[in-house]
Amino acid sequence: MLSCKNDNMVTKNTAIGDQFYDKGISLFQKDDVQSYANFQKAISYYKLSHDSPNISKSLICQANIQHIQGDYSGAEETLVEALTYMKEGDESFFSVYGTMANIKLLQKEYKSSIEWSDKALNENIDYQTKAKILNNKAVSLSKIHNYKNSIKILNSIILDSISNKNFTLIVRDNKEYINWLFDNSYPAEDSLEKILQLRIAENDNWGLHSNYIHLVEINKVKNPEKSLYYAKKMLSLAKISHNPEDKLEALEKILYTDNPSNLKKAFIEYKTLSDSIQKNKNNYKSQFAYIKYDSQKKSEENQKLKLDNAQGETLLLQQQFASVALAISIIIIIVWYRKRQIRLKQEKELEVKNTELKMSKKVHDVVANGIYQVMTKIENQESFDKEKALDELEFVYEKSRDISYDKLDQMGSPKDCKEKISKLIASFKNDDTETYTVGNEDEIWTGLPQSHFEEIYQVIRELLVNMKKHSRASRVVFKFERFENQVEIHYTDNGIGIPGDIIHKNGLTNTVSRMAAIHGAIIFDTKTEKGLKINISFPVS
């Protein structure tokens, strides 16, 4: 009799879970917050009936919503949770692997994306689906410059076996572009323009955006005006389709190709849109987290009620276990603290040994470059503020005294890195020279040791001082990018350039030694026809 009653409860909970699941499906991409909430309610009831397949299915739906709304880290956590409920032979494995591969591709974690793609390809899937996974894998391989294998995969896709015409154009588009990346003499442009016309005829806006990107990149060097034309077509398309992410990418392309007189307006629009997109993503992420937290809280409250009704002997056993665990934790903390104190002492001794070498660099960075930065600010001001200038010179003077007393320079907490870099670059802007910063977001500096940030700050200031003294540039652009645990900074200006032999005869020598000190690298492109390009890269951890 008891067994029949339990079976009825399981059936009832599953039926209620199915109702919430169906409602979540009906709201998908219409009201994603409510859709996510209904899937969470479905999960709660499926857990009561221990229905693992439906739990994992609902979690995958939640992950897809998070993926669409830019909550990539949340989507990963949800997919990993889904895997814990799946058993061998579950048909949902492909969906988890494929979604995870797409998320890693969007996060620029290309090697990880390839690994997840391979997992998906090992599942039992139809050829249409397999072709899409192969295409994504080929794109990831091209991003890590493995062009040969990327082209080999694209050539293996049998287009005649694919019923979706738009997808066949995607494969052809990628094949032409990656062949050009592998060999810039490859005549890809004519084919890409023909594909473009086919997409226009099909009203394939998503494919058009990708097409325009490839045509922008192919023409960027050989025909900047044509590159700008396609970048503006990208922007127009994004406005028509109301796609803010595509619009942001189009504005970034325009920043690198448009006339200097138009860049300020484009940059302001880029910055405003970037902040708006990030705010929207954070808003969705917070709402998803709260829905899950609220559900877990209610579940915990139910568990607490059950525990309160448990026998006193069980409660006492739990208390004793907690006491033992606390005692063990205290012992572990004490041992850890002592080891940490020893390690900190050793690190301090090493730091003292390195101080003397750092002092010589500080004289150049703090005194020479500091005074030059004050001079630049005075030069750029329409009205000269004597008191303010004296205050800044006094600050440099105090910093020089600190050096004489072997005081280490403090740059502030890492969360201020973005603002410090932006202010530094902006301080060199005047009527003759425009300075632009692209991609300088908090995520770039996350996890970077303070000492490493100080070195990067001094390197950027050295480049700006050199530019001001020698380059005669009217436009200077710093672009910041992060790929997993690697940060890259691309410096470009349209000045007179700098010969390779001069680099080793002025203050720029310090930049090389500074980057070596943090296991980074700085490369001066002295062969460019006009201006100067410098690539800086360093690990975050």
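The values are calculated or read from the model by the stated rules, or taken from the named source; none is laboratory data. Keep in mind that what you see is a predicted model, and the values were worked out from it rather than measured. Every residue, glycine among them, receives a Cβ derived from its backbone with ideal geometry; neighbour counts consider all protein chains shown.
Of the residues Ile200, Ile277, the single one that is at pLDDT below 90 and β-branched (Val, Ile, Thr) is Ile277.
Confirm whether Leu263 is closer than 30 Å to Thr435 by Cβ, modelled with pLDDT of 85 or more and of a type in the set (A, V, I, L, M, F, W, C).
The answer is no for Leu263.
Look at the stretch 167-189: where a residue is among the charged types (D, E, K, R) and a partner is in a loop (DSSP other than H, G, I, E, B) and buried (at least 20 other Cβ atoms within 10 Å of the Cβ), sitting 6+ places away or on another chain with Cβ atoms under 7 Å, you get Glu176/Ala188.
Candidates in the stretch 474-502 are the residues that are crowded, with 19+ Cβ neighbours inside 10 Å and of a type in the set (Val, Ile, Thr); of these, the one that is modelled with the lowest pLDDT is Ile498.
Is the stretch 492-513 home to any residue that is under 27 Å from Pro539 (Cβ atoms) and under 20 Å from the mean Cα position of the chain (by Cα)? No.
Condition check: touching a strand residue (DSSP E or B) at 6+ places or on another chain (Cβ under 8 Å) and surrounded by fewer than 17 Cβ atoms within 10 Å (Cβ to Cβ). Does Lys30 satisfy that? Here the answer is no, as Lys30 does not meet what is asked.
Checked against the criterion of being at pLDDT below 85, farther than 21 Å from Lys418 by Cα and of a type in the set (S, T, N, Q), the stretch 238-255 contains not a single residue that satisfies it.
Only residues that are surrounded by 17 or more Cβ atoms within 10 Å (Cβ to Cβ) and either in contact with a Ser or Thr (Cβ under 7 Å, 6 or more places away or on another chain) or not hydrophobic (A, V, I, L, M, F, W, C) (or both) were counted across the stretch 202-231, and they come to 14. Exactly one residue out of Ser163, Ser142, Ser117 is of a type in the set (S, T, N, Q), outside any loop (DSSP other than H, G, I, E, B) and in contact (Cβ under 8 Å) with a residue 24 or more places away in the chain: that is Ser142. Starting from residues that are farther than 21 Å from Ser92 by Cβ and either of a type in the set (Ser, Thr, Tyr) or outside any helix (DSSP H, G or I) (or both), keep the ones in the stretch 1-53 and report whichever is modelled with the lowest pLDDT. Checked the stretch 1-53; the qualifying residue modelled with the lowest pLDDT is Met1.
Residues that are within 26 Å of Ile254 (Cβ to Cβ) and either surrounded by 19 or more Cβ atoms within 10 Å (Cβ to Cβ) or not hydrophobic (A, V, I, L, M, F, W, C) (or both) do not occur anywhere in the stretch 509-518.
Restricting the stretch 170-191 to residues that are of a type outside the set (S, T, N, Q), under 23 Å from Ser236 (Cα atoms) and surrounded by fewer than 21 Cβ atoms within 10 Å (Cβ to Cβ), the residue that is farthest from the chain's Cα centre (by Cα) is Asp190. When restricted to residues that are farther than 17 Å from Trp445 by Cβ and in contact (Cβ under 8 Å) with a residue 40 or more places away in the chain, the stretch 470-490 contains 6. Residues that are closer than 27 Å to Ile144 by Cβ number at least 3 in the following strands (runs of 3 or more DSSP E) confined to the stretch 426-541: 475-483, 486-493, 521-525, 532-539. When we screen Ser404, Ser422 for residues that are loosely packed, with under 15 Cβ neighbours inside 10 Å, among the small types (Gly, Ala, Ser) and modelled with pLDDT of 90 or more, the only hit is Ser422. Restrict the check to the stretch 66-87 and report whether at least one residue is of a type outside the set (S, T, N, Q) and more than 24 Å from Ala289 (Cβ to Cβ). Among the residues of the stretch 66-87, at least one is of a type outside the set (S, T, N, Q) and more than 24 Å from Ala289 (Cβ to Cβ), which makes the answer yes.
So which residues in the stretch 178-236 are assigned to a helix (DSSP H, G or I) and under 17 Å from Ser142 (Cα atoms), if there are any at all?
Ile178, Asn179, Trp180, Leu181, Phe182, Ser210, Asn211, Ile213, His214, Leu215, Glu217, Ile218, listed by residue number.
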